[in-house]
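Undergrad: First, the structure itself, so that you have it in front of you.
The values are calculated or read from the model by the stated rules, or taken from the named source; none is laboratory data. A quick note: this is a predicted structure, and the numbers were derived from the prediction, not measured. Every residue, glycine as well, gets a Cβ built from its backbone with ideal geometry; the counts of neighbours run over all protein chains shown. What goes into the accessible areas is simple: the full protein's heavy atoms, side chains included, and nothing from ligands, DNA or RNA. Shrake-Rupley method; radii C 1.70, N 1.55, O 1.52, S 1.80 Å.
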Amino acid sequence: MNSTTSFSVIAPAKLNLFLHINARRDDGYHELETLFTFLNFGDTLHFELTNDASISITGDTKDIPLSDNLIYKAALLLQTYSKTPYGVKINLTKRLPMGGGVGGGSSDAATTLLALNKMWGLDLNLTILGKLGLQLGADVPVFIQGQSAIAHGIGEQLHHVTLEKKWYCVVHPNQHVSTAKIFTHPDLKRDTPKIIGNWEQHSLTNDCEPLVKKLCPEVEKTLQWLLKYAPSKMTGTGSCCFVEFASQVQAQDVLDNLPHTWQGFVASSANVSPAHTELTAIFDQ
Ligand SMILES: C[C@@](CO)(OP(=O)(O)O)[C@H](O)COP(=O)(O)OP(=O)(O)OC[C@H]1O[C@@H](n2ccc(N)nc2=O)[C@H](O)[C@@H]1O
Ligand SMILES: Nc1ncnc2c1ncn2[C@@H]1O[C@H](COP(=O)(O)OP(=O)(O)O)[C@@H](O)[C@H]1O
């Protein structure tokens, strides 16, 4: 066990700067090509060591039953895998919209695995943690690896890229979009060819966007409204939409004018996940 027994860490949002769907596999999952970046904005998880094996979650757990909560599932998975005698009390402050395409649940799970690996003194490497994370969701490994990346496979084959720092205004149109519903829909475009050569020279779109706009007119409205400021895009399977700028002031201007029916936030991008940066500061310095 490590001597740090009580601390808080961010579970940052991600954006899919593009998302291509190349094929559907026999197991129902889809082959993707997607560009992930992290944002300096997210949920906060507070961890407190317990000397018995108990795992408890408090705070903004909404109406998610404990056994479905990705934080609980991540803690239990790591406890079982590592056979540690320790437990944990975790408190969640939720800022990321659920089912918003910014990866809140996956990021909560990844931060839990990364933080408990440190606090319980397990010393598991990121490859092992990524494999454990993949059992919880296709999006978890990128948060474990913690570097902006192009992902292939179902999202778990990661090739690090270095992106310029940008500012984003991310808007949640108050709609929950179910990832499973989009991926099982017959009208989803699933045949985008793999990118050959340099990805920066291709048209980088989100293949889920046309379907989500059709199913969810509020997403279409949001994308249209954002177009007044900059080219707008949807992240993941929605419902959040975003615009990209070089400066914070430009992104803040969009947020300041946002219609009251929608919520949003402004954040800068980061090549290294802020969860990794914070954990390094807590445990390794
Ligand atoms: C689409 C993406 C893009 O980043 O993001 P979100 O919009 O959900 O944030 C992710 O791949 C989502 O990852 P995650 O939310 O962890 O997915 P999972 O829990 O593993 O799967 C949710 C549902 O999506 C389907 N799914 C997921 C990933 C994938 N490559 N192909 C799929 O068909 C699964 O079959 C499942 O029914
Ligand atoms: N700790 C958690 N935070 C958010 N969602 C969670 C959590 N645990 C389980 N879930 C479930 O995961 C689903 C997807 O959540 P989330 O990751 O926020 O969306 P998305 O994958 O669209 O970004 C939610 O609808 C919820 O039912």
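Undergrad: Between residue 52 and residue 76, what is the spin-label point distance in nm, taking each point 7 Å from the Cα along the Cα→C-beta axis?
TA: 1.8
Undergrad: Moving to a separate point now. When all protein chains stay in place, what accessible area (Å², nearest 10, 1.4 Å probe) is found for residue 126?
TA: Near enough 60 Å² of accessible area.
Undergrad: Short version: ³J(HN,Hα) in whole Hz for each residue of segment 221-231, in order, from phi by Karplus 6.51 cos²θ - 1.76 cosθ + 1.60 (θ = phi - 60°), x for Gly and Pro, what are they?
TA: In residue order, the calculated couplings are 4, 5, 4, 5, 4, 5, 4, 4, 9, 5, x Hz.
Undergrad: Describe numerically, in nm with one decimal, the distance between label points set 7 Å from Cα along Cα→Cβ at residue 221 and at residue 67.
TA: That separation, rounded to one decimal, is 3.9 nm.
Undergrad: So how exposed is residue 95, as accessible area in Å² (1.4 Å probe, rounded to 10)?
TA: Approximately 110 Å² of residue 95 is accessible to the 1.4 Å probe.
Undergrad: Same structure again: Can you give the helix-only mean residue ellipticity at 222 nm for the chain, where every DSSP H stretch with n ≥ 4 adds -39500 (n - 2.57) and the sum goes over all residues, rounded to the nearest 500 deg cm²/dmol? Mind dumping the intermediate values first?
TA: On the way: 9 runs with 86 residues, N = 285.
Mean residue ellipticity, 222 nm, calculated: -8500 deg cm²/dmol.
Undergrad: In terms of modelled amide H atoms, which long-range or inter-chain residues lie less than 5 Å from the amide H of residue 157?
TA: Excluding prolines and chain starts, which carry no amide H, the hits are 152.
Undergrad: Explain nothing, just compute: Karplus ³J(HN,Hα) = 6.51 cos²θ - 1.76 cosθ + 1.60, θ = phi - 60°, for every residue of segment 244-250 in order, whole Hz, x for Gly and Pro.
TA: Coupling constants for segment 244-250: 10, 9, 7, 10, 5, 4, 5 Hz.
Undergrad: Would you mind getting me the FRET efficiency between residue 230 and residue 6? Use the beta-carbon distance for r and R0 = 45 Å, nearest 0.05. Present the calculation step by step, with values, prior to reporting the outcome.
TA: Working: r = 42 Å, r/R0 = 0.93.
After rounding to 0.05, the efficiency reads 0.60.
Undergrad: Name the long-range amide H neighbours of residue 233: under 5 Å, sequence gap of 5 or more, or other chain; modelled H, no Pro or chain starts.
TA: Hits under the 5 Å cutoff: 242.
Undergrad: Once you have the Cα-Cα distance between residue 89 and residue 250, take 0.36 nm times their residue separation minus that, and quote the gain in nm to one decimal.
TA: On the way: separation 161, 0.36 × 161 = 57.96 nm, distance 3.99 nm.
The residue 89-residue 250 span can extend by a further 54.0 nm.
Undergrad: Antiparallel as a % of all DSSP beta bridges within the chain, to the nearest 5? Intermediate results must be reported in sequence, preceding the final value.
TA: Values: 46 of 52 bridges.
Around 90 percent antiparallel, to the nearest 5.
Undergrad: Here's a follow-up. Work out, step by step, the length gained on full extension between residue 27 and residue 258: first 0.36 nm times the residue separation, then minus their alpha carbon distance; give nm to one decimal.
TA: Full extension of this stretch gives 79.1 nm more.
Undergrad: Now, a different point. With unit charges on the beta carbons (Lys and Arg positive, Asp and Glu negative) and the dipole taken about the Cα centre of the chain, which residue among 50, 232, 251 sits farthest to the positive side?
TA: Of the options given, the answer is 232.
Undergrad: Next up: Rounded to whole Å, give me the distance from the Cα center of segment 65-94 to that of segment 153-183.
TA: Rounded to whole Å, the Cα centres lie 24 Å apart.
Undergrad: List the residues of segment 96-122 whose backbone N lies under 20 Å from a point placed 7 Å from the Cα of residue 185 along the Cα-to-Cβ direction.
TA: 97-104
Undergrad: Using amide H atoms built 1.01 Å from N in the peptide plane, name the residues 5+ places from residue 264, or on other chains, whose amide H lies under 5 Å from its own.
TA: 172
Undergrad: Explain nothing, just the number: dipole magnitude of the chain about its Cα centre with +1 on each Lys and Arg Cβ and -1 on each Asp and Glu Cβ, in debye rounded to the nearest 20.
TA: On the way: 22 positive and 27 negative charges, 41 e Å.
Once rounded to the nearest 20, the dipole reads 200 debye.
Undergrad: Further question: Mind checking the full-extension length gain between residue 123 and residue 199? Use 0.36 nm per residue of separation minus the Cα-Cα distance, one decimal, nm. Show your work: numbers first, answer last.
TA: Details: separation 76, 0.36 × 76 = 27.36 nm, distance 3.53 nm.
Roughly 23.8 nm would be gained on extension.
Undergrad: With springs only between Cα atoms under 10 Å, which of 135, 201, 263 fluctuates most in a Gaussian network model of the chain?
TA: In the Gaussian network model the winner is 201.
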